[in-house]
Structures are given as C-alpha cells and as structure tokens.
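Undergrad: Pasting a structure here, questions to come.
The values are calculated or read from the model by the stated rules, or taken from the named source; none is laboratory data. Here the structure is a predicted model, which means the values were calculated and not measured. As a convention, Cβ positions derive from the backbone with ideal geometry for all residues, glycine included, and neighbour counts pool all protein chains shown.
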Amino acid sequence: MDATVENKAALKGAEFLVKETAPEEVFTPEDFSEEQLMIKDMADQFISKEVTPVVERIDKLEEGLMPSLLEKAGEQGLLGAAFPEEYGGLGKDFVTATIINEGLGAGHSFSVAMAAHTGIGSLPILYFGTEEQKQKYIPKLATGEMKGAYALTEPDSGSDALGARTTAKLTEDGKHYLLNGQKSWITNSGFADVFTVFAKIDGDKDKFTAFIVEKGTPGFTLGAEEHKMGIKGSSTRQIYFQDAKIPAENVLGVIGKGHLIAFNILNIGRLKLCAAALGAAKKCITTSVQYANTRQQFKQPIANFGAIKYKLAEMAIRTWTSESALFRTAQLIDEKEKELFAAGKPFNEALLGAAEEYAVECAILKVNGSEVLDYVVDEGVQIHGGNGFSDEYIISKAYRDSRINRIFEGTNEINRLLTLDMTLKRAMKGKLDLMTPAMNVMKELMSIPDFGSDDETAFSKEKKLIANFKKAILMTAGAAAQKLMMKLETEQEVLMDIADMAIETFVAESALLRLIKLSNSKGEASAALQADIVRTYLYDAADRINKSGKDAINAFAEGDEQRMMLLGLKRFTKAEPFNAKEARRRIADKLIAENKYTW
C-alpha cells in the first residue's frame, strides 16, 4: 500500500477533534475522476428522464411503476454499482457509490425506494449472508429482478430496536423457524421479494437474530399502504407473521448477533442518507432560483431583492459545506476499507469495519444533511410564496418529502446522543486521546491569551478559528464528563449541545480544507465565491457554537468555574468582523446568473 493511503487513513474516527488535517489529505468533489463524473451524470439523467416526468404517478402508487423504475436503474448498473463483481455488481468503490446516492437523491419517493433497496434491503445479505445466500439473492438484487426490504421497527420499538417483540421458534424437526409478530413502517414492503426480518428466538433478548424471509411465505401477510405526510409514492406497510415457516438455512449471520447487523448497516445508511439529502437540496435550490428569476413583483424579478438573495445564498452555503464533509468522510471510509482488505479482511468485514471506524462522522453527516435539506425546502417554499403551498408546484412535495429524513436511520436526537457517546467510548477504549488535549485547553485558560501575530498567511485566521472551536468542545465536554460522571448519559440536553458544537466544527473544518485545497490548485481568485461560502459559514458557526456551549456550561457549572469557562468560550468563539451581507449577495448573484445551483 502506498504512503498516501497510509497518510489519509491516519485520521481515525472522531480524531478530527484533536488532530489537524492537511488540505491535500482530504477528498473533495473537485477530485472526482472522469468515470465518477460520467456516473454522476448518468444518475442525474436517470432522475430527469425517468423519474421526474412520472413523479405524480409515483405518488399515486401506480401498480408496478416503482418496481419497473428500480429494474431500469438496475439495467444501467445504478443499483449494483457497489456490489462485488462476483455477485453481479460493478465492484465500484465507496466514493462512487456515494456519488450515485447523491445523484439519485432528487427523485422524491423513488430515492427512498432505491436507497432502501440498495442499502438496508440488500447489504445485510451481502455482508452477513452465507456464500449460498449471497449467490441466491445478491445477483438478482443487483439487477432489480428482486427487490429488497428491511423489517426491524415494530409498533412499540423504534429507536429501542432490542425491545422488539417478534419471536422465532425452531420446529421439532429443526428444519424451520416459526415467526410470530408484526413490523411497522417497512419501506418497499408492497412490492419487495425478500425481507431481512429481526426476531428473538424463543423470545430471548440474547437471541435477537436476523432472518431472510421471501414474499409468499405462508403465514406472512401485508397490511394496507400507510397514508403519509410525504414520500407518498414510497410503499410503506405493516407486515404480519403468524406461524410463518422460515427455513432454518435462512438464518442470517449468527444466532443472537442480529444487533450487529442492525447497527452496522445503519452506519453506512446514515452517510448515504446525507448524500441523498444533498442531491435533493441541490435540485430544490435550482427550482427556487429559477422561480425567483421568473416571478415578477414590483415590476422586477424577486431574485433582485436582498431578502431573497439571503435565502438563496444561505441554501447554497449550507449545501456546499455539508457536501464537503460528506465526501471527506466517504474517502476516509474508502481508504480504511482498502487498508483492511489489504490486511486480509474479507470485503464485507473491510467495509463494515471502515464504516464502524467512522461511525461518529456518519452520525454527524446524517444530522447535518437532513437538517440542511429541511432548511433548503423550507426557504424554497417561502421563496415561492403562496404558490409554494400549492400542490401544482414541486417545491411543496419536496417540503413534505424532506421531513422524514430527520427520523429515518435513527432520529436526529439519537444520532446527536450517539455522536458524543461513541466519541467518549472511543476515548475510554484508548482509541482516541481526548484527555491530553482537554488538559492543555484548561492550562491555556489559566494563561495569558495569545492574540496572534501580524504575519498571517492565507486562511490562517480561519484555521485558528477552527482550532479554537475544537478547544471549546474539549473544554465543555471535558468539564461535563468530569462534573457529571455517570450522570452524564442522563443529561441529554447537555450531550446534544456538545454534539451540535462537534457537528458545526466538523462541517466547518471540512469546508475550509476543501477551500484551501481548491485555492492551492486553482488560485485564490478562482475560489473567491467558495471563500465567501466558507467565511460566511464560519462567521455564523462561531455564534451557534457559542450558544450551544453556553447552554451546556450553564447546565452543569456554577461560580468561578462557570465564569472561567464562559470567558474561555467567548475567547474560543470570537470571529473577526465580516460583511456577511455582501458575501451572500455575491453568492446569490452567481446562482441567479447561472439560473441553477452551480457548484
């Protein structure tokens, strides 16, 4: 393995908090290969030619339409791109798979069906199945001949997956398991051919196990289609098991290890949800720009007005920065996967191990990507005014369809809690040294502040601000852990405040690294608008991090300790004066001139 791979893989999961990254070490969308750009274009074309023209028919759940679209996507290689070639896939890398997820993300309900099929509907079998199971199902899932679904959630167990009540009992002859119970909110259930179903053998929580269940199994029935707020074209039903006979060879993975399948698959799903959300966000920005350019008020296009320019620019700022974090992480996972594979791990353990390594970053992306899209569609409706509230305009559909993303793949609250929980666990296991840098920050608080020097290089102020954001997190998290000890996990408000600080910092740093890399290769002048994007984001992030930090500190500290930390927080989140209004106008003017999202 060459040195560059070792260099890139050197940043471990959650290590961004305590380690600096060189710009040349990050992967950015500007680094896409010719082949990756072609694949991205193919995904974009598929949405514009095959999906967008029939989006109303999809929402009416027209019989056979969604399965036929999945089959068309399969014919083009869009479903099985990341599956190994020996199982009928194209064997593409993780970054390319992420590009496809983003490209297909603008397809409303189709995007949900596709993501469920290629992700949770197929990956459990691909990564945990026996060779016979993989040979039987994966080639057909790769082409779309078979459609996949995933049945974990129950009426009384959502985030608490291990609280599931569905049971499995081995028959006396040992040849079948009898499944009993029900699952709810099962995506693709109306047309899926194969389901990954989770149940407790003999009702024992220590025997939580996954099973492969085929459509048509006696005792397996479907409920009616759910009537949903959004993603109306996504088939969502309850499924029921009444002594459903499942062949014993259809146990997936190891008995009692179903939780490993459920939780490991979610890491990949969280990153891919972010990708799809950003694909949708870019489409909504283009829709909003085009509307603003054509909608006349007071004898001029509303795109001319500062209030509209603010919205368009902020939509672009949040999307571009989130995209920077997405592809930075996708490449980290890709490099770690190759490293594990080179060390002798089988392909399934290599990717799952890589995704687990960056589980913190995947949780961050899930929260950020879904909330960016929610912001974009909300402002998109506002730009459309009254028309945005009409079903005749696609922005109203985008608004309704977006809302589910903050619930899918673990709610954003769960993912915020996981962000800090997993980081602290990594520290306790010795995988991440948080203690030394946290102690250094506390020493710095006692010393005279460093006001910097005048001989600053390009982006040095921005780099220093990011470094200070990290100090703010280490100070707050360290003090919270020390003060609250075992009570910390019950202080969810504090945990979520600190998670918000980490999310802002990871996105801000990723965006800055992308900007510096772009400036180094193309020159600062050609990256001027991207500099506006990053500086505006940093300027606002400083205030958001300050607010989250204050709320956390005030919740557990008092007296001199509180005063000292609040002063430190103020020092660590102090941004230089910056004319964000003019920066946003320059960003918006570019969007308006191009009549689309342009980066």
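Undergrad: Of everything in segment 321-352, what is among the small types (Gly, Ala, Ser), closer than 21 Å to Tyr87 by Cα and assigned to a helix (DSSP H, G or I)? Give them in sequence order.
TA: Kept after step one, since they are among the small types (Gly, Ala, Ser), are these residues of segment 321-352: 322, 324-325, 330, 342-344, 350.
Retained after the next criterion (residues that are closer than 21 Å to Tyr87 by Cα): 342, 344, 350.
Matches in segment 321-352: Ala342, Ala350.
Undergrad: Restricted to segment 238-283, and to residues that are among the charged types (D, E, K, R) and surrounded by fewer than 22 Cβ atoms within 10 Å (Cβ to Cβ), which residue is nearest to the chain's Cα centre (by Cα)? It would help to see each step written out before you state the result.
TA: Let us first name the residues in segment 238-283 that are among the charged types (D, E, K, R), namely 243, 245, 249, 257, 270, 272, 282-283.
Filter once more, keeping what is surrounded by fewer than 22 Cβ atoms within 10 Å (Cβ to Cβ): 243, 245, 249, 257.
Working: Asp243: 37, Lys245: 36, Glu249: 34, Lys257: 25 Å.
Selected residue: Lys257.
Undergrad: When segment 463-505 is examined, which residues are found to be among the acidic types (Asp, Glu), within 16 Å of Ser548 (Cβ to Cβ) and part of a helix (DSSP H, G or I)? I'd like the intermediate steps shown before the answer.
TA: Taking segment 463-505 first, the residues among the acidic types (Asp, Glu) are 489, 491, 493, 497, 500, 504.
Those still in the list that are within 16 Å of Ser548 (Cβ to Cβ) too: 491, 493, 497, 500, 504.
Result: Glu493, Asp497, Asp500, Glu504.
Undergrad: Within segment 383-393, is there a residue that is of a type in the set (D, E, K, R) and either part of a helix (DSSP H, G or I) or surrounded by 22 or more Cβ atoms within 10 Å (Cβ to Cβ) (or both)?
TA: Within segment 383-393, the subset of a type in the set (D, E, K, R) is 391-392.
In the following step, the residues that additionally are either part of a helix (DSSP H, G or I) or surrounded by 22 or more Cβ atoms within 10 Å (Cβ to Cβ) (or both) were identified as none.
Checked against the condition, which is being of a type in the set (D, E, K, R) and either part of a helix (DSSP H, G or I) or surrounded by 22 or more Cβ atoms within 10 Å (Cβ to Cβ) (or both), segment 383-393 yields no hits at all.
Undergrad: Taking the stated definitions as given, is Phe341 of a type in the set (Phe, Trp, Tyr), surrounded by fewer than 23 Cβ atoms within 10 Å (Cβ to Cβ) and modelled with pLDDT under 95? Talk me through it step by step, then tell me what you get.
TA: Details: of a type in the set (Phe, Trp, Tyr): yes; surrounded by fewer than 23 Cβ atoms within 10 Å (Cβ to Cβ): yes; modelled with pLDDT under 95: yes.
Yes; evaluated as a whole, the condition is true for this residue.
Undergrad: Looking at Ser519, is it in contact with a Pro (Cβ under 9 Å, 6 or more places away or on another chain) and either farther than 17 Å from Leu417 by Cα or surrounded by 23 or more Cβ atoms within 10 Å (Cβ to Cβ) (or both)?
TA: yes
Undergrad: Looking at (1) under 30 Å from Leu418 (Cα atoms); (2) at pLDDT 95 or above, find the lone condition where Ile285 falls short.
TA: Condition not satisfied by Ile285: (1).
Undergrad: For segment 169-193, name all the residues that are surrounded by 22 or more Cβ atoms within 10 Å (Cβ to Cβ) and among the aliphatic types (A, V, I, L, M).
TA: Leu179, Ile186, Ala192
Undergrad: In segment 40-73, which residue that is under 23 Å from the mean Cα position of the chain (by Cα) and within 17 Å of Met146 (Cβ to Cβ) is surrounded by the fewest Cβ atoms within 10 Å (Cβ to Cβ)?
TA: Filtering segment 40-73 for residues that are under 23 Å from the mean Cα position of the chain (by Cα) and within 17 Å of Met146 (Cβ to Cβ), the one surrounded by the fewest Cβ atoms within 10 Å (Cβ to Cβ) comes out as Leu70.
Undergrad: I'd like to check something: does segment 155-167 contain any residue that is of a type in the set (Ser, Thr, Tyr), in contact with a helix residue (DSSP H, G or I) (Cβ under 6 Å, 6 or more places away or on another chain) and more than 30 Å from Glu71 (Cα to Cα)?
TA: Looking only at segment 155-167, we keep the residues that are of a type in the set (Ser, Thr, Tyr), and these are 157, 159, 166-167.
Right, trim to in contact with a helix residue (DSSP H, G or I) (Cβ under 6 Å, 6 or more places away or on another chain) and you get 157, 159.
Checking the rest, the ones that are also more than 30 Å from Glu71 (Cα to Cα) come to 157, 159.
Yes, segment 155-167 contains at least one residue that is of a type in the set (Ser, Thr, Tyr), in contact with a helix residue (DSSP H, G or I) (Cβ under 6 Å, 6 or more places away or on another chain) and more than 30 Å from Glu71 (Cα to Cα).
Undergrad: Between a first residue in segment 76-91 that is under 18 Å from Ala115 (Cβ atoms) and a second residue that is among the aromatic types (Phe, Trp, Tyr) and surrounded by 21 or more Cβ atoms within 10 Å (Cβ to Cβ), which pairs have beta carbons less than 6 Å apart while being 6 or more apart in sequence or on different chains?
TA: Pairs found: Gly89/Phe83.
Undergrad: Scan segment 394-417 and report the pairs whose first residue is under 18 Å from Lys228 (Cα atoms) and whose second residue is of a type in the set (Phe, Trp, Tyr), with Cβ atoms within less than 7 Å and a gap of 6+ or a chain change.
TA: Matching pairs, first to second residue: Ser396/Phe389.
Undergrad: Right, next: In contact with a Ser or Thr (Cβ under 6 Å, 6 or more places away or on another chain), of a type outside the set (S, T, N, Q) and within 15 Å of Met565 (Cβ to Cβ): which single residue out of Met501, Met446, Met439, Met475 fits that description?
TA: Numbers: Met446 fails: in contact with a Ser or Thr (Cβ under 6 Å, 6 or more places away or on another chain); Met439 fails: in contact with a Ser or Thr (Cβ under 6 Å, 6 or more places away or on another chain); Met475 fails: in contact with a Ser or Thr (Cβ under 6 Å, 6 or more places away or on another chain).
Going through Met501, Met446, Met439, Met475 in turn, just one is in contact with a Ser or Thr (Cβ under 6 Å, 6 or more places away or on another chain), of a type outside the set (S, T, N, Q) and within 15 Å of Met565 (Cβ to Cβ): Met501.
Undergrad: Follow-up. What pairs come up if the first residue lies in segment 420-435 and is charged (D, E, K, R), the second is assigned to a loop (DSSP other than H, G, I, E, B), and their beta carbons are under 7 Å apart, counting only those six or more places apart or on different chains?
TA: Going by the 7 Å Cβ cut-off, the qualifying pairs are Arg426/Gly13; Arg426/Ala14; Arg426/Leu432; Lys431/Lys12; Asp433/Val18.
Undergrad: Is it the case that segment 293-301 has a residue that's assigned to a helix (DSSP H, G or I), surrounded by fewer than 24 Cβ atoms within 10 Å (Cβ to Cβ) and either at pLDDT 95 or above or on the phi < 0 side of the Ramachandran plot (or both)?
TA: Initial filter on segment 293-301 (assigned to a helix (DSSP H, G or I)): 293-294.
From what is left, the residues that are surrounded by fewer than 24 Cβ atoms within 10 Å (Cβ to Cβ) are 293-294.
Next, only the ones that are either at pLDDT 95 or above or on the phi < 0 side of the Ramachandran plot (or both) stay: 293-294.
Checking segment 293-301: at least one residue is assigned to a helix (DSSP H, G or I), surrounded by fewer than 24 Cβ atoms within 10 Å (Cβ to Cβ) and either at pLDDT 95 or above or on the phi < 0 side of the Ramachandran plot (or both).
Undergrad: Here's something else I'd like to know. From the residues in segment 74-96 that are surrounded by fewer than 17 Cβ atoms within 10 Å (Cβ to Cβ) and charged (D, E, K, R), which one is farthest from Ser48 (Cα to Cα)?
TA: The residue in question is Glu86.
Undergrad: Out of (1) within 21 Å of the chain's Cα centre (by Cα); (2) buried (at least 24 other Cβ atoms within 10 Å of the Cβ); (3) basic (Lys, Arg), the odd one out for Lys147 is which?
TA: Result: Lys147 passes all but (1).
Undergrad: Here's something else I'd like to know. Glu558 passes all but one of (1) surrounded by 12 or more Cβ atoms within 10 Å (Cβ to Cβ); (2) out of contact with any Leu (no Cβ under 9 Å at 6 or more places or on another chain); (3) under 22 Å from Leu488 (Cβ atoms); which number fails?
TA: For Glu558, the exception is condition (1).
Undergrad: Among the residues of segment 539-591, which ones are more than 28 Å from Ala477 (Cα to Cα) and touching a helix residue (DSSP H, G or I) at 6+ places or on another chain (Cβ under 8 Å)?
TA: Passing the criteria: Phe578, Ala580, Lys581, Ala583, Arg584, Arg585, Arg586, Ile587, Ala588, Asp589, Lys590, Leu591.
Undergrad: Of the conditions (1) within 30 Å of Ser460 (Cβ to Cβ); (2) assigned to a helix (DSSP H, G or I); (3) at pLDDT 95 or above, Phe27 satisfies every one except a single condition; which number is it?
TA: Of (1) within 30 Å of Ser460 (Cβ to Cβ); (2) assigned to a helix (DSSP H, G or I); (3) at pLDDT 95 or above, only one is false for Phe27: (2).
Undergrad: Using the structure shown, decide if Asp202 is within 26 Å of Glu145 (Cα to Cα), surrounded by fewer than 20 Cβ atoms within 10 Å (Cβ to Cβ), touching a strand residue (DSSP E or B) at 6+ places or on another chain (Cβ under 8 Å) and not aromatic (Phe, Trp, Tyr).
TA: Judged against the criteria, Asp202 is not a match.
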